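For reference, the structure discussed in these notes is given below.
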Amino acid sequence: DVNTIVCNSKKVEEWGAEHRESVFPFQRGGTAEITFVVNQNDLTVHLPGHQFTFPNRLGLPVFDYFDTQGDFTLQTISWE
């Protein structure tokens, strides 16, 4: 699981199937901007030089909770 992005969603205390992305465009000590575009069917995750989609299993038009884990520092998060 080193250098792997893992996305998942939880509904009624049950986790869905993990989506694993092997493209890992981050460098130790570097900075990166990540953008999420949410629509009814999926989320598009824009990373430096790469993007992927993840299903919007909950069908939410807006996400008000976001959790991260890993060896990095989250400096800023904003919703527009």
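The values are calculated or read from the model by the stated rules, or taken from the named source; none is laboratory data. Predicted model, so just to flag it, every value in this text is computed and none were measured. No Cβ is skipped: glycine too gets one built from the backbone with ideal geometry, and neighbour counts run over all protein chains shown. Note: areas computed on protein heavy atoms with side chains; ligands, DNA, RNA excluded. Shrake-Rupley method; radii C 1.70, N 1.55, O 1.52, S 1.80 Å.
If we only count strands (runs of 3 or more DSSP E) wholly inside the chain, which ones have 2 or more residues that are among the polar types (S, T, N, Q) and without any contact (Cβ under 8 Å) to a residue 60 or more places away in the chain?
50-55
Which one of these does GLY30 not meet: (1) at pLDDT 85 or above; (2) surrounded by 10 or more Cβ atoms within 10 Å (Cβ to Cβ)?
Single failed check for GLY30: (2).
Is one or more of the residues making up region 1-23 of a type in the set (Lys, Arg) and touching a strand residue (DSSP E or B) at 6+ places or on another chain (Cβ under 7 Å)?
Checked against the condition, which is being of a type in the set (Lys, Arg) and touching a strand residue (DSSP E or B) at 6+ places or on another chain (Cβ under 7 Å), region 1-23 yields at least one hit.
Could you list all residues from region 33-43 that are open to solvent by less than 50 Å² (accessible area, probe 1.4 Å) and closer than 17 Å to THR68 by Cα?
LEU43
Counting just the residues of region 44-59 that are surrounded by 13 or more Cβ atoms within 10 Å (Cβ to Cβ) and hydrophobic (A, V, I, L, M, F, W, C), which one comes out nearest to the chain's Cα centre (by Cα)?
Here the answer is VAL45.
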